[in-house]
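> Sharing a structure, written as structure tokens. Questions coming.
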Amino acid sequence: NPLMTNDGQKEIMYLCSKYNFKVLSLTGDCFMQKPFWKTNSSKKFKLQNDFLNIISQSGKLGIKFIILPLVDNGKIESQKQEMILISFLKKINPILRTNKIKILFETNFKPKKYLKFIKKFNRKFFGINYDTGNSASYGFNPSEEISLYGKYIDNVHIKDKIYKGNTVPLGEGNADFLTIFKKLKQIGYKGNFILQGARSKNNQHVPIIKEYRDFVTKFLMNS
């Protein structure tokens with residue numbers, strides 16, 4: 001991964017400078033694919049070290065948020081798994097402070113449980129990444145979600161999904177974007193919106209990205 005090599009980091013910094021761009025968040029799908037909180041002890045420590053290495057390398061690039069997905073293969077399925085995760089994360093506050101990085105969770109928790117979960121962490125180093133598509137797929141009410149834990153939301157992924165289904169183009173799923181943008185405005189959200197819409201089926205990615213950009217801009221202008 002270019003994030004983890006000197007040459008890769010140099011190229012990332014060069015491209016950011018060339019195009020006047022900043023990489024402010026990183027989604028750690030690798031944590032979801034191999035969650036240390038769900039593996040045996042012989043592999044757990046290696047995966048935890050990988051996690052710490054990613055934090056330190058991200059810090060070198062000025063990345064501010066690392067999204068930790070507790071969904072799909074990474075979802076918490078027992079109290080033991082939750083305790084392993086919480087215990088480890090609470091120990092790394094100094095590392096997060098040194099690297100100026102905040103861990104943001106994505107979970108499948110219902111709103112009240114999610115609020116109870118996030119309150120267990122130091123607000124300076126942990127927060128929430130709100131994924132509009134995941135919320136739709138779980139059938140959650142965005143008004144309830146954002147009202148309950150909106151102050152913990154530091155980043156937003158714009159995605160659309162069918163209820164209990166897959167990712168679809170923006171506007172074709174069950175995400176209630178009108179309510180989402182209205183509620184985010186009400187709580188004074190000032191963070192980023194990261195496009196995670198369905199990919200183009202014919203590899204014509206630029207046109208569909210422009211469509212998604214215009215889709216989001218419309219809601220931002222009218223909310």
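The values are calculated or read from the model by the stated rules, or taken from the named source; none is laboratory data. As the structure is a computational prediction, the values presented were derived from the model and not from experiment. Note that we place each Cβ from the backbone using ideal geometry, even for glycine, and neighbour counts take in every protein chain shown. Keep in mind that these areas ignore ligands, DNA and RNA; they rest on the heavy atoms of the full protein, side chains included. Shrake-Rupley method; radii C 1.70, N 1.55, O 1.52, S 1.80 Å.
> If I require 15 Å or longer along the helix axis, counting alpha carbons, and a Kyte-Doolittle average no lower than -0.5, what helices from the chain are left? Use full DSSP H segments.
Correct list, ordered by number: 79-91, 205-222.
> So which trypsin sites (Lys or Arg not before Pro) in the range 1-106 end up in coil per DSSP with only 13 or fewer other C-beta atoms within 10 Å?
In loop regions of the range 1-106 (DSSP not H, G, I, E or B), the sparsely surrounded trypsin sites (Lys or Arg not before Pro) are K22, K100.
> Solvent-accessible area of S223, probe 1.4 Å, all protein chains present, reported in Å² to the nearest ten, please.
40 Å²
> Could you work out the helix-only [θ] at 222 nm for the chain, with each DSSP H run of four or more residues adding -39,500 (n - 2.57) and the total divided by the number of residues, to the nearest 500 deg cm²/dmol?
Counting only the DSSP helices, I get -15000 deg cm²/dmol.
> Just list whichever of K34/K102; K60/K80; K44/K159; K124/K151 have alpha carbons separated by over 23 Å in the model shown.
Listed pairs above 23 Å: K60/K80; K44/K159.
> Run through the DSSP bridge list for the range 126-223 and note the antiparallel percent, rounded to the nearest 5.
Numbers: 2 of 9 bridges.
Percent antiparallel among DSSP bridges in the range 126-223 is about 20.
> Moving on to the next point. Would you mind pulling out the separation of the Cα centroids of the range 153-223 and the range 58-121, in Å?
23 Å
> Still on this structure, I have one more. Work from the charge dipole of the range 99-154 (Cβ charges, +1 for Lys and Arg, -1 for Asp and Glu, about the Cα centre) and give the residue of G127, N141, T107 farthest towards its positive end.
G127
> Under unit Cβ charges (Lys, Arg +1; Asp, Glu -1), what dipole magnitude, rounded to 20 debye, does the chain have relative to its Cα centre?
Details: 38 positive and 17 negative charges, 174 e Å.
Around 840 debye, computed over the chain.
> Still on this structure: Could you size up the charge dipole of the range 91-133 around its Cα centre, putting +1 on the beta carbon of Lys and Arg and -1 on that of Asp and Glu, and report it in debye to the nearest 20?
Working: 12 positive and 2 negative charges, 67 e Å.
Dipole magnitude for the range 91-133 comes out near 320 debye.
> Mind putting a number on the dipole of the range 63-178 about its Cα centre? Charges go on the C-beta only, +1 for Lys and Arg and -1 for Asp and Glu, and I need it in Debye to the nearest 20.
Working: 20 positive and 11 negative charges, 176 e Å.
Computed about the Cα centre, the dipole is about 840 debye.
> Let me ask something else. Which residues make up the longest stretch of the chain that has no GluC sites (Glu not before Pro) in a DSSP loop with at most 14 other Cβ atoms within 10 Å?
78-171
> Once Lys and Arg get +1 and Asp and Glu get -1 on their Cβ, which of P94, L52, Y189 lies farthest toward the positive end of the dipole of the chain?
Sorting the options by dipole projection puts first P94.
> Next question. If you count the DSSP beta bridges with both ends in the chain, what percent of them are antiparallel, to the nearest 5?
Here the share of antiparallel DSSP bridges comes out near 10 percent.
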